[in-house]
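Engineer: Below you'll find the structure I mean.
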Amino acid sequence: MNNTEHENRQPYVGMWVTADGYIRHELLPSRRYDEARGDRKSAYQGKYTIEGNHIEYVDDTGFTADGDFVDGVLYHGGMVLYREEHKEGGKK
């Protein structure tokens with residue numbers, strides 16, 4: 001299975017960012033995530049699960065958080081994250 005097929009089966013895989021770009025959540029096809037904050041890459045890493053439009057995070061230290069996808073926007077811990085648009089090849 002190639003990455004495109006995998007992403008089609010997991011519609012929320014990809015990069016999610018706050019409007020100012022400060023916080024970036026990369027949801028990986030492996031059901032892991034990598035969160036960057038400002039210049040700090042991989043500030044938090046861990047696992048995630050998705051049921052319907054709800055996401056549950058467990059970082060590698062055991063901290064838990066959750067969020068919801070509503071109309072293509074991720075609401076998580078008081079933050080609003082948008083899917084990062086990819087300019088190459090018109091992919092979103």
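Engineer: Take the stretch 45-66 and flag every residue that is of a type in the set (Ser, Thr, Tyr) and either at pLDDT below 95 or out of contact with any strand residue (DSSP E or B) (no Cβ under 7 Å at 6 or more places or on another chain) (or both).
Structural biologist: Thr61
Engineer: Still on this structure, I have one more. Say we look at the stretch 67-91 and pick out the residues that are modelled with pLDDT under 95 and acidic (Asp, Glu); which of these is nearest to the chain's Cα centre (by Cα)?
Structural biologist: So the residue we want is Glu84.
Engineer: Inside the stretch 1-17, can you point out the residues that are modelled with pLDDT of 95 or more and either of a type in the set (A, V, I, L, M, F, W, C) or part of a strand (DSSP E or B) (or both)?
Structural biologist: Val13, Gly14, Met15, Trp16, Val17
Engineer: Scan Tyr33, Tyr22, Tyr12, Tyr57 and give me the residue that is free of Cβ contacts under 8 Å to residues at least 24 places away in the same chain and among the aromatic types (Phe, Trp, Tyr).
Structural biologist: Being free of Cβ contacts under 8 Å to residues at least 24 places away in the same chain and among the aromatic types (Phe, Trp, Tyr) holds for just one of Tyr33, Tyr22, Tyr12, Tyr57, which is Tyr22.
Engineer: I need the full set of residues from the stretch 58-84 which are charged (D, E, K, R) and surrounded by 12 or more Cβ atoms within 10 Å (Cβ to Cβ), in order please.
Structural biologist: Matches in the stretch 58-84: Asp59, Asp66, Asp68, Arg83, Glu84.
Engineer: Against the condition part of a strand (DSSP E or B) and more than 10 Å from the chain's Cα centre (by Cα), how does Asp20 come out, does it pass?
Structural biologist: No.
Engineer: Within the stretch 25-57, track down each residue that is assigned to a strand (DSSP E or B), loosely packed, with under 13 Cβ neighbours inside 10 Å and not β-branched (Val, Ile, Thr).
Structural biologist: If the condition is that a residue be assigned to a strand (DSSP E or B), loosely packed, with under 13 Cβ neighbours inside 10 Å and not β-branched (Val, Ile, Thr), then Arg40, Lys41, Ser42, Glu51, His54 are the ones that fit.
Engineer: How many residues, within the stretch 23-48, are under 11 Å from the mean Cα position of the chain (by Cα) and of a type in the set (Ser, Thr, Tyr)?
Structural biologist: Result for the stretch 23-48: 2.
The values are calculated or read from the model by the stated rules, or taken from the named source; none is laboratory data. Not measured: the values here are computed from a predicted model. Don't worry about glycine lacking a Cβ; one is built from the backbone with ideal geometry, like all the others, and counts go over all protein chains shown.
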